[in-house]
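Asker: Attaching a single structure in structure tokens format; questions to follow.
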Amino acid sequence: MPSTPPLAGPRLALAQLRVRDAIEADLPAIVDIYNHSIPGAWSTADTKPVTVAERVDWFRKHDPLKRPLWVAELDGQIVAWIGLTSFYAGRPAYDATAEVSLYIGTEFQRQGIGSQLKRRMIEHCPKLGVTTLVSMHFDHNEATRRINRRLGFEEAGHLREIAVVNGQPRGLVISLLRIPADAIYS
Ligand SMILES: CC(C)(COP(=O)(O)OP(=O)(O)OC[C@H]1O[C@@H](n2cnc3c(N)ncnc32)[C@H](O)[C@@H]1OP(=O)(O)O)[C@@H](O)C(=O)NCCC(=O)NCCS
């Protein structure tokens, strides 16, 4: 049974986080954070580490004006990333819909970074022309479930026992957030 990460130390001063568009030179750090989430067996359907080379095409599909990929830095170190990708292979009817992915470095989890980054991305969506955000996560990913609930996502589907992770059947939750095109966040 995978264990959830222990409670981290004092909560970070989130104001110190610097959030910016990722550049290709950030890809090794982005991949490293992603790969560290794999052994926990509650975040991703990948079961072995991915390589930087395998992620180059994925990286290049991002676009700060439509499908951003942001990194969050603390004292110059990349500690987290959040990105939007096009939904359903990017077919045009889904232009205003994007899937959100969020990964926090293991030692920086449970300190409010994930909540803050997702909130910021939601606030940015009207500028991107995104009116529906899709979040897909394993049903035992309690942290993502809690963040989504708090930020107003509704659970639109639960595909039970559709995956096998470390020999255990796991389900997939699909959640949606509707964002009015003219929403203005302060
Ligand atoms: C899921 C993830 C993004 C959450 O980010 P985070 O910065 O750790 O979360 P926060 O500190 O903002 O906490 C958000 C909520 O989740 C809860 N939470 C955080 N980690 C948790 C854990 N391991 N188990 C249970 N609850 C957890 C917090 O208590 C908080 O609950 P609340 O809103 O009711 O107070 C982060 O843990 C992560 O990167 N995990 C690995 C990758 C992953 O699962 N990404 C999502 C893939 S779909």
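The values are calculated or read from the model by the stated rules, or taken from the named source; none is laboratory data. Owing to the predicted nature of the structure, the values given are computational and were not obtained by experimental measurement. Positions of Cβ are generated from backbone atoms using ideal geometry, with glycine treated the same way; all protein chains shown enter the neighbour counts.
Asker: Just a yes or no: is a residue in the stretch 157-174 more than 17 Å from the chain's Cα centre (by Cα), within 24 Å of residue 62 (Cα to Cα) and away from the ligand (no atom under 12 Å from the Cβ)?
Answerer: No.
Asker: Looking at 134, 173, 130, 165 in this structure, which one is surrounded by 16 or more Cβ atoms within 10 Å (Cβ to Cβ), over 29 Å from residue 185 (Cβ atoms) and among the hydrophobic types (A, V, I, L, M, F, W, C)?
Answerer: 165
Asker: Taking the options 31, 50, 56, name whichever one is free of Cβ contacts under 8 Å to residues at least 24 places away in the same chain and either within 13 Å of the ligand (Cβ to nearest atom) or more than 18 Å from residue 121 (Cβ to Cβ) (or both).
Answerer: Answer to the selection: 50.
Asker: Among the candidates 94, 185, which residue alone is at pLDDT below 95, under 24 Å from residue 63 (Cβ atoms) and in contact with a helix residue (DSSP H, G or I) (Cβ under 7 Å, 6 or more places away or on another chain)?
Answerer: 185
Asker: Within the group 114, 40, which residue is within 15 Å of the ligand (Cβ to nearest atom), modelled with pLDDT under 95 and either at negative phi or surrounded by fewer than 16 Cβ atoms within 10 Å (Cβ to Cβ) (or both)?
Answerer: Going through 114, 40 in turn, just one is within 15 Å of the ligand (Cβ to nearest atom), modelled with pLDDT under 95 and either at negative phi or surrounded by fewer than 16 Cβ atoms within 10 Å (Cβ to Cβ) (or both): 40.
Asker: Looking at residue 54, is it of a type outside the set (Lys, Arg) and part of a helix (DSSP H, G or I)?
Answerer: Answer is yes for this residue.
Asker: Got a number for residues in the stretch 176-186 being surrounded by 13 or more Cβ atoms within 10 Å (Cβ to Cβ) and part of a strand (DSSP E or B)?
Answerer: Looking only at that region, the number is 2.
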